[in-house]
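Please treat every number below as a calculation from the coordinates, not as lab data. The model shown is predicted, which means the values in this text are computed figures rather than measured ones. We place every Cβ from the backbone using ideal geometry, glycine too, and count neighbours over all the protein chains shown.
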Amino acid sequence: MLFVFKKNIKDILKIVLPVYFVETTFQLMLFFLKQNNDIAMIHAVWVMLSTTMLVIFSLYDLYRLVFTRDYFFFYTLKYEVPSIAVIKSVVYTLALCIFYILYTPLLDLNLLPKLLSISSFYCVNIIILLGFRSFSSKKIGVFFYVLCLSGITVIPTLIYLLTYYDKMSGFMIGATNKIENAKQVYNLIIPTTIIPIRENFNELFNSPFIFNICLLFLSIFLFTLIKTRKFNW
């Protein structure tokens, strides 16, 4: 198992190290060229695009593992594909958290909710992948996988905003530290910047936190059930 873990770390580092390098370069530029709004704006766009692309790449990578035989090497090992998918997801979770630490100012770091949101997202992704992998038609399975993952990624944020809209003085999809009194919350992996009415902050913050915890434990429970199923890998 340690070999599989090291192998995935090595493969994923090839993707994320260039991203870390560019981000470190941005941080140095922002440090030495303070108050440069142009660089700050470009950096914000870079963070949004690079984070999105890393997530999309990781989802495609996990799709290839579960739905195709592109990673035939892993199929020859004694470990089951669901277990390898979990290892890949853990490595991607750590990689995204490291990137978050790099691009977020120290005073704005809120690592636990971020870690929880990414972990629950990848757990849900594995459940959906394995669930639709059992379809007799892979094309239909892939279609419903994409449809279901898209829905379960977006819908919780929409429900959250509709439920608590009257308790905010403003919000935006995405993360920023440029708005005074703004706070970030995470419904699954989507960050939402909210400006809460002060007395409602705990309620606005705790709701997605509890949601992610429940989703994480539900996914772990479902994973133990799905692992017992026979797959024609």
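Label the range 5-66 by shape, choosing from rounded, prolate and oblate, from the square roots a ≥ b ≥ c of the eigenvalues of the Cα gyration tensor; if a/c is under 1.5 it is rounded, and otherwise prolate applies when a/b is larger than b/c, oblate when it is not. Oblate is the answer for the range 5-66, as a/c is 1.5 or above yet b/c matches or exceeds a/b. Do you know the Lys pair count in the range 2-226 for C-alpha distances under 17 Å, with sequence separation 8 or more or different chains? Here the count comes out as 11.
Computed from the C-beta positions of Lys78 and Ser150 and an R0 of 41 Å, the FRET efficiency is 0.75 to the nearest 0.05.
Shown here for the range 45-131: trypsin sites (Lys or Arg not before Pro) in loop regions (DSSP other than H, G, I, E, B) with at most 11 other Cβ atoms within 10 Å, namely Arg69, Lys78. Among Met41, Met29, Met53, the residue with the largest mean-square fluctuation in a Gaussian network model of the chain, with springs joining Cα atoms closer than 10 Å, is Met41.
In the chain, a dipole from Cβ-located charges (positive for Lys and Arg, negative for Asp and Glu) runs towards its positive end, and of Tyr122, Thr93, Phe72 it is Phe72 whose Cα lies farthest in that direction.
Using a ≥ b ≥ c from the Cα gyration tensor of the chain (square roots of the eigenvalues), is it rounded, prolate or oblate, where a/c under 1.5 gives rounded and otherwise the larger of a/b and b/c decides, a/b for prolate? Please report the intermediate quantities before stating the final value.
Numbers: a/c = 2.33, a/b = 1.42, b/c = 1.64.
In terms of gyration-tensor shape, oblate.
Within 10 Å, at most 15 other Cβ atoms, and a DSSP state outside H, G, I, E, B define an exposed site. Report the longest part of the chain free of exposed GluC sites (Glu not before Pro). No qualifying site falls inside 81-179, the longest such stretch.
Under 5 Å between amide hydrogens, built in the peptide plane, is the criterion, and for Gly174 it picks out Thr192, Thr193 among residues at least 5 positions away or on other chains.
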